[in-house]
Every structure is written in C-alpha cells, then in structure tokens.
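Colleague: Dropping a structure here in structure tokens format, bear with me for questions.
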Amino acid sequence: MNIISLQISTCTKKKPFHAIQSTLSHYRALCSHRPRRIKRLDNAIRVLDIISSKTRVDTSSQVHLRLIQDFLQTDSNHFTQDSASSSDSTTVRLPNVFDEILESSVFSEEDSVSTDLDLHEERLRIDASVLSNAVSSCGSTRDIRRGIQYHCLAIRCGFVANVYVGSSLISFYSKCCQTNSAYKLFEEMPVRNVVSWTAIIAAFAQEWEVEMCLELYCKMRDSTLNPNEYTFTSILSACTSSGAFGQGRSVHCQTIQMGFDSYVHVANALVSMYCKCGSVDEAFHVFNNMPSKDIVSWNSMIAGYAQHGFALQAMDLFEEMKKQREKPDAITYLGVLSSCRHSGLVKEGKLYFNSMVEHGLKPELDHYSCMVDLLGRAGLLEEARDFIKKMPIHPNAVIWGSLLSSCRLHGDVWIGIQAAESRLLLEPECAATHVQLANLYASVKCWDQAAKVRKLMKDKGLKTNAGYSWIDIKSQVYRFRAEDKSNTSLSEILAVLDCLVDHMRTSGFPPEMQVENFDDALNESL
C-alpha cells in the first residue's frame, strides 16, 4: 500500500508539526537500503506514538507498520557530540533512540509509552543543549535521516519550543537544501532571537534570494530585535553570490549606521561583495581601513584583484602580506596563481607555484588547474599536457577542461581531442564536452567521429544548458539568458551591442568569433 502523506494529530503537549510533516513526505525518497526487520509490532507502534498522538492505534493496521518501516530506514551507528553545557569539553554519546526502543528487551509490553520514553531520556540525559548540538552535527554532515529523528524527539520531549533547538533545526534543514521546511519551522517558533533570524536569513542567502533576505531583515528590525555581525555577513553573502550591487551598498550603509563595519567578518564580506560586483577601488578602501585583518581579509582582496586582472596589485599585496608576517595559505597562493593566469605571467606563476613547497604547502588540484590554464592560455599546450602527465595526483575533469579551452583558443585540434576524450572518461554525462569534441572532430573534417559523438548525445538525451549573464541597474538585477528573446527591450539592447562591437573594431580589437556548430555537415553524415 502506498502512503501518500501522513496526517500527524496533536499530542498531549501541543507543539508545532507543520515542518516535520513536510519533511517526512520526502523521507522515503532519501532511503536507499531495505528497512530492518521489525520483530514486534507493538514496539513499532511505540515509535509511531513518539512522532504522533498518544491515542491508541489499531495494531492490525498494515498502514502503520509500513510507515514505521519506511521511516526507520537508517543505520544504527552512534556518533559523538561535544556538549557545551559546561566549561569542560564533555563527550556525550547520543544513540539512535528509535533503534533502541525497537531492539530493547528491558521493557515489557505492558509498559506505557511515556514510561519508556522517560527511562530513555533519563539514560541519555538529554537536555536542550545536547539535542541542539546533535542537530547541528547532522547539519554539518548533511545527515537528513538522523536529523529528522532528532526533530521528532524534540517535538515529543517538548524541546522544539526551545529557541536554540529551533535555530539548530532551521540551520539543519537549510544545509540539507530543505529551505521550505526551514522557513515553516521558523514561522511556527513561539519565541525567536537573533540566532533564529540569522539562521533563516542564512538559509535564503545560500539560495541567492537577496530580496527575501532583505525582507526578513526588515521584519527582524520591526520585531525590535537588533542584528549582529553574522546577520549582516549572511545578507552580504547573498548580495555577493547574485551580484546585487545596489542592495549590497545599502547593507553597507546599515553596517556603518549600526557600528558593525569594523567587525572583521563583516568587513571581509564587504570586500568580497565589492570585488564580485566589480568595484575594486571600494573593496580596497574597506580593506585598507580595517582596524585588524585576518587571513581571510588578505585572501579576499588578492582574489578580487585576480578576478579583475590586476596581477601586479595582487602580487604586491601578497608581498605586503608577508611583510606583515601573515603566513599565506593554500587559498592565498590560489589567488596569486589566478592573477598570473589571467595576465599571462608564466614566469611569475611558475615561481609562486614552486615557492608553495618552501612555505610547507602541498599543491592541490586547484593549484595544478591554475598552472595548466596559465600554460595553456600562453599557448604552451604541449608543456601543459606534459605538466598534467607528471602530476603526482590524478587530474580531474576541470584540469582537462582547462586544457581543452586553451586548445580551442589556439586552434590545436589534436591535443584538444585528447583533452576532451580524457575529460569524458571522468564526466561521461557532460553535454558541453560532447559538443566541444564533436566540433573539434568536425573542424578537421572527421565527420564520422563527429557524427558518432552527436548520436551518442542523442541516445543519452544530453542537452547543453543555456548560459546567462546579469547586470545591476538602479538596485535591480536583470538576467539575460542565451537565445532568450522574451525581453521587451531586446532591439535596443542589440543596438547597443552592435555599437560596442563597432567601437572594438575601430579601436583595433576585433571580437573573436568562433564557429561552434557544424550541424549542416553533421546532418549530411548522420
């Protein structure tokens, strides 16, 4: 019998169930292995009582048994949490309560459900802080199954009304990409504090929902609660991800007004936001006026310079960083290498790459990818290919993709074909690589091979996703998707683009137009 949904009735302790109802409907889809055999139906009904009413249930109903079987598809591994209830870091073990109830032989069939749970609570010494830490751990590990169980336990034990447990549950659901469940839980919280508001704002920030973040921020201010530095950091991260420059500047004004602009976390977020939105001068102004800087501050500014091609500024800042006795880390070197890559500084890039070992840092895949892209952009394609072959770690699809892009840029078809084939071995479902490989075959008139690649794409049902760009005008973000003609101002936009192309030509910078499709020739061979 298929169970479409579960209507959980109100238990004797009236607590909100809306969020847990929504999440339980998705639970079975997340379970991949067979449920363990439940020995006693009576014990299974006890678990149902934990997540629903204490009303006596008909034990002959197979619907309830099926529910329990579906719900308890989880491993019985125990994990350890650090309790923050005392100054000492005490280790508290929180076993799977549901598994213990099912497998325990301590209790007789005549024991009441409330007695069972009370004994378990006494044994586990569960309190709000321990449960909050357990939920936070589930969020960190994206353990949706175990987190749902702790949510059920919080409802049954009366901890769901605790503001810290509720805030931990909001963060847990948002980290597990269950933003709707997080918001429903937030709406049902009887008491909210700054942690709760910041948790839900951060949930929408990771989805780039800038408008929703600002709306929640306004509601928070209307509730007489004041934000903290982490609230502003979350809002600024949303502005950074979506390129919302106007909103980011408004938030910056708020931080100055409330005195949070000097906080290092807020200042770092401002540097990243201004760099992402193209205002490097304002980013450096924030960076230069920071009363104290940490490694994230230096890395953010160096990465901002690298992003916009200011290689000399990035390298100067790197040297200044070392003068200030701030030890660079792997991310610092990644920023410097990226700046060399964008500016074609091969000699300097090699120097920085080799100096990583001198500072006790082991290059990772991202650093190798930067070097391959640096060599490839400079036209040193054979050296880039040999560099990949000599890597002490196995190259990933990104590295082969960097070499492939460089081969397309410099017209080296045969190395490009090798790079595309190597990437497809790692990402066989990548539609873009299939298209690039087909175009490379077609460019040297290998029509049979190109046709086979196209047919393989068709058989697999692979399609490329259209790219898009965006621009911020008067605090509103406008997005443009490739081949999208729905914009009512399309003719005016195209006219401006034509003017820009003409200006590039007259200035001696003709745009590079590469033919990406050979559909007519391929269709003849298919």
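Colleague: Can you name every one of the helices (runs of 4 or more DSSP H) wholly within segment 233-290 that holds 2 or more residues which are of a type outside the set (A, V, I, L, M) and at pLDDT below 90?
Modeller: Values: elements: 245-258, 264-276, 280-288.
By residue number, 245-258.
Colleague: Now a separate question. How many residues are at negative phi and either of a type in the set (Val, Ile, Thr) or open to solvent by 20 Å² or more (accessible area, probe 1.4 Å) (or both) when one looks only at segment 248-278?
Modeller: Of the residues in segment 248-278, the ones at negative phi are 248-258, 260-277.
If we keep only those that are either of a type in the set (Val, Ile, Thr) or open to solvent by 20 Å² or more (accessible area, probe 1.4 Å) (or both) too, we end up with 249-258, 260-266, 271-272, 276-277.
Of the residues in segment 248-278, 21 are at negative phi and either of a type in the set (Val, Ile, Thr) or open to solvent by 20 Å² or more (accessible area, probe 1.4 Å) (or both).
Colleague: Can I ask one more? Go through (1) closer than 27 Å to Val413 by Cβ; (2) open to solvent by 70 Å² or more (accessible area, probe 1.4 Å) one by one and return the number of the condition Arg325 breaks.
Modeller: Only one criterion is unmet by Arg325, namely (1).
Colleague: Cβ contacts < 8 Å: first residue farther than 14 Å from Leu437 by Cβ and touching a residue at least 24 places away in the same chain (Cβ under 8 Å), restricted to segment 385-413; second residue among the basic types (Lys, Arg) and surrounded by fewer than 23 Cβ atoms within 10 Å (Cβ to Cβ), any location; separation 6+ or different chain. Result?
Modeller: Final answer for the pair search is Ser406/Arg377; Leu409/Arg377.
Colleague: Here is a follow-up. Return the residues of segment 203-229 that are buried (at least 18 other Cβ atoms within 10 Å of the Cβ) and assigned to a helix (DSSP H, G or I); say none if nothing qualifies.
Modeller: Selection gives Ala203, Phe204, Ala205, Val210, Met212, Cys213, Leu214, Leu216, Tyr217, Met220, Glu229.
Colleague: Another question about this same structure. Filter segment 296-314 for residues that are of a type in the set (A, V, I, L, M) and farther than 17 Å from Cys277 by Cα; which is surrounded by the fewest Cβ atoms within 10 Å (Cβ to Cβ)? Show your work before the answer.
Modeller: Here is the first cut: in segment 296-314, the ones of a type in the set (A, V, I, L, M) are 296, 301-303, 306, 311-312, 314.
Still in the running and farther than 17 Å from Cys277 by Cα: 296, 311-312, 314.
Values: Val296: 17, Ala311: 21, Leu312: 13, Ala314: 25.
Taking the candidates together, the pick is Leu312.
Colleague: Based on this model, can you work out whether Ser355 counts as among the hydroxyl-bearing types (Ser, Thr, Tyr) and either under 30 Å from the mean Cα position of the chain (by Cα) or within 21 Å of Leu409 (Cα to Cα) (or both)? Spell out how you get there, then give the answer.
Modeller: Numbers: among the hydroxyl-bearing types (Ser, Thr, Tyr): yes; either under 30 Å from the mean Cα position of the chain (by Cα) or within 21 Å of Leu409 (Cα to Cα) (or both): no.
No; evaluated as a whole, the condition is false for this residue.
Colleague: Does Tyr150 qualify as being closer than 30 Å to Met273 by Cβ and of a type in the set (Ser, Thr, Tyr)?
Modeller: On the way: closer than 30 Å to Met273 by Cβ: no; of a type in the set (Ser, Thr, Tyr): yes.
Taking the combined requirement at face value, the residue does not satisfy it.
The values are calculated or read from the model by the stated rules, or taken from the named source; none is laboratory data. The structure presented is a predicted model; accordingly, all values stated were derived computationally and were not measured. Positions of Cβ are generated from backbone atoms using ideal geometry, with glycine treated the same way; all protein chains shown enter the neighbour counts. Areas reflect the complete protein model, heavy atoms only, side chains present, ligands, DNA and RNA absent. Shrake-Rupley method; radii C 1.70, N 1.55, O 1.52, S 1.80 Å.
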